[in-house]
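Below is one structure; the comments refer to it alone.
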Amino acid sequence: MSEISTNANLVLIREEGRAGLITLNNPKMLNALTHDMLAPIHAAYIKWASTPRVYGIVLDAVPGRAFCAGGDIRAMAQLIKSDLAVAEQFFRDEYQHNWALECFTKPNVSLINGFVMGGGAGLSRYGTHRVAGENFVFAMPETKIGFFPDVGGTYFLPRFPGETGMYLGLTGASIDRADAYCTGFATHCIDSSQFDLIREAMIEGSPVDAVLDGLHRNPGDANLARMQPVIDRIFAADSVEGVMSRLDAESGVHAHWAAETAANLRQRCPLSLKVAYRALREGGNMESLRDDLHMEYRLTSRFLRGGTMYEGVRAALIDKDNKPVWQPAELSEVSDAMVDAYFAPLGDGELELKDYWKLVV
C-alpha cells in the first residue's frame with residue numbers, strides 16, 4: 001500500500017492493490033468539505049485516471065454520523081466577509097471537481113453511511129456507483145441558509161421522478177436510502193458491515209457491478225414514492241407562490257403534511273426559493289452538467305455578494321438565534337428583475353471548466 005496524502009489527516013488518500021482509496025476523516029465536523037480537503041482529492045482522481053494499475057476508486061468516510069454534511073459553511077461565511085476572491089475560488093474548484101467526476105470513467109464507488117448533503121452530494125453523485133448504508137440520509141438544505149442547491153443539484157434533482165426533485169430542492173427535506181434508491185441517487189443498498197467486502201473487491205480489481213449487485217438488498221417501500229402523486233400535483237405549479245397556494249389549499253389526508261411543508265418553506269429565504277425554483281426548471285432542460293455548472297456559478301457569485309448566504313449562516317451557526325433577517329423578507333417582494341439579475345452573465349468572471357477526457361483510460 002502506498003500513501004499519497006493525508007492532508008493533516010482530514011482526508012486519507014492511498015493506493016492499495018488495484019484501488020485508489022479516499023477516506024474523509026473529520027467526523028467531529030461531520031466531514032464538512034474544505035478547500036484543503038478538496039485539492040488533494042481532486043489531484044488524486046486526476047492522477048489515478050491515467051494510472052493503468054488503478055482499476056477504480058473507493059470514496060468513503062470514517063465511521064460516524066456523516067459521510068459529508070456539505071461544505072464548511074461557517075468558514076465560508078468568514079471568507080465572504082474577509083476574502084471574497086478565496087470564497088469564489090473554492091466554488092470554482094468544487095464545480096471543476098464535479099465536472100471531472102462526471103468525465104471520470106473508471107469505476108468510482110462511494111460508500112455512504114450517514115448524512116450526505118450539499119457538497120457531499122457533489123463528491124458522490126457523479127461516481128459510477130453510490131452505495132447507501134443503513135444510516136444513509138440525503139438532503140439539499142441550502143435554501144435555509146440563503147443559498148440554493150448547487151454542486152449540480154439543479155441538474156440532478158430535476159431528473160428525480162416527477163416533481164420530487166423540486167420538492168427536495170426547495171424544502172431541504174431529508175430522505176432515507178429507500179427514497180434515494182427510488183430516485184436513482186443511490187445505485188445500491190448495502191449495510192455498512194459489508195463495506196469491507198466492497199473495498200477488498202476493488203483492491204483485487206474484481207468486476208464491481210457483479211460484486212455490488214450480489215450484495216444489494218431491497219431497501220423496502222419508499223415514502224417519497226408513496227407521496228409522489230401529491231408532490232407532483234403541488235410542486236408542478238408554475239411559481240413558488242403557486243406552490244404555496246396549493247399547499248395552503250390542500251385538504252383531506254395530506255393536509256397536515258401540506259401545512260408542515262408550507263411552514264417549512266416560510267422559514268426559508270424568499271430570494272433563495274425563487275432563484276432555486278427557476279434554476280431547477282432551467283437545469284432540468286439543460287443538455288449537460290457542464291452547462292448547468294456554468295449557470296450555478298453565476299448564481300453562486302451573486303449569492304456570495306448578496307448578503308443572504310452570510311445572514312443564513314449567521315443565524316444558524318454563528319449567533320445561533322435561528323432568526324435570519326432576509327432581504328427581501330417576503331416572496332411578494334422578490335421581483336422577476338431581482339431573479340433575472342442572478343442569472344445574468346458574469347462577463348470576464350464566468351466559470352471555465354477544464355476537460356480531462358484525455359486523462360481517462
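Quick look at the numbers
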read-out	value
Unique match (being in contact with a Leu (Cβ under 7 Å, 6 or more places away or on another chain) and either of a type outside the set (S, T, N, Q) or surrounded by fewer than 19 Cβ atoms within 10 Å (Cβ to Cβ) (or both)) among L304, L317	L304
Hits in the stretch 287-314 - residues which are within 13 Å of F147 (Cβ to Cβ) and among the small types (G, A, S)	S301, G306, G307, G312
Unmet criterion (only one of (1) touching a residue at least 12 places away in the same chain (Cβ under 8 Å); (2) part of a helix (DSSP H, G or I)) for A255	(1)
Test: residue in the stretch 85-93 that is under 23 Å from T308 (Cβ atoms), over 19 Å from the mean Cα position of the chain (by Cα) and part of a helix (DSSP H, G or I)	yes
Given (1) among the hydrophobic types (A, V, I, L, M, F, W, C); (2) surrounded by fewer than 22 Cβ atoms within 10 Å (Cβ to Cβ); (3) under 22 Å from W48 (Cβ atoms), number of the condition A222 does not satisfy	(3)
Breaking point among (1) of a type in the set (D, E, K, R); (2) more than 27 Å from E134 (Cα to Cα); (3) in contact with a strand residue (DSSP E or B) (Cβ under 8 Å, 6 or more places away or on another chain), for D60	(2)
Selection from the stretch 135-170 of residues that are surrounded by 24 or more Cβ atoms within 10 Å (Cβ to Cβ), among the β-branched types (V, I, T) and not in a loop (DSSP other than H, G, I, E, B)	T143, I145, T154, T164
Count - residues of the stretch 292-332 that are part of a loop (DSSP other than H, G, I, E, B) and in contact (Cβ under 8 Å) with a residue 12 or more places away in the chain	8
Test: residue in the stretch 50-69 that is within 19 Å of T154 (Cα to Cα) and either polar (S, T, N, Q) or at pLDDT below 95 (or both)	yes
Residue list for the stretch 258-290, restricted to those being polar (S, T, N, Q), more than 24 Å from L304 (Cβ to Cβ) and part of a helix (DSSP H, G or I)	T261, N264
Members of the stretch 237-257 that are under 25 Å from the mean Cα position of the chain (by Cα) and buried (at least 16 other Cβ atoms within 10 Å of the Cβ)	A237, V240, V243, M244
Subset of the stretch 198-219 (residues that are hydrophobic (A, V, I, L, M, F, W, C) and either loosely packed, with under 13 Cβ neighbours inside 10 Å or on the phi > 0 side of the Ramachandran plot (or both))	A210
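The values are calculated or read from the model by the stated rules, or taken from the named source; none is laboratory data. Because the structure is predicted, anything quoted here is derived from the model rather than measured. Reconstructed Cβ throughout: ideal geometry from the backbone, glycine too, with neighbour counts over all protein chains shown.
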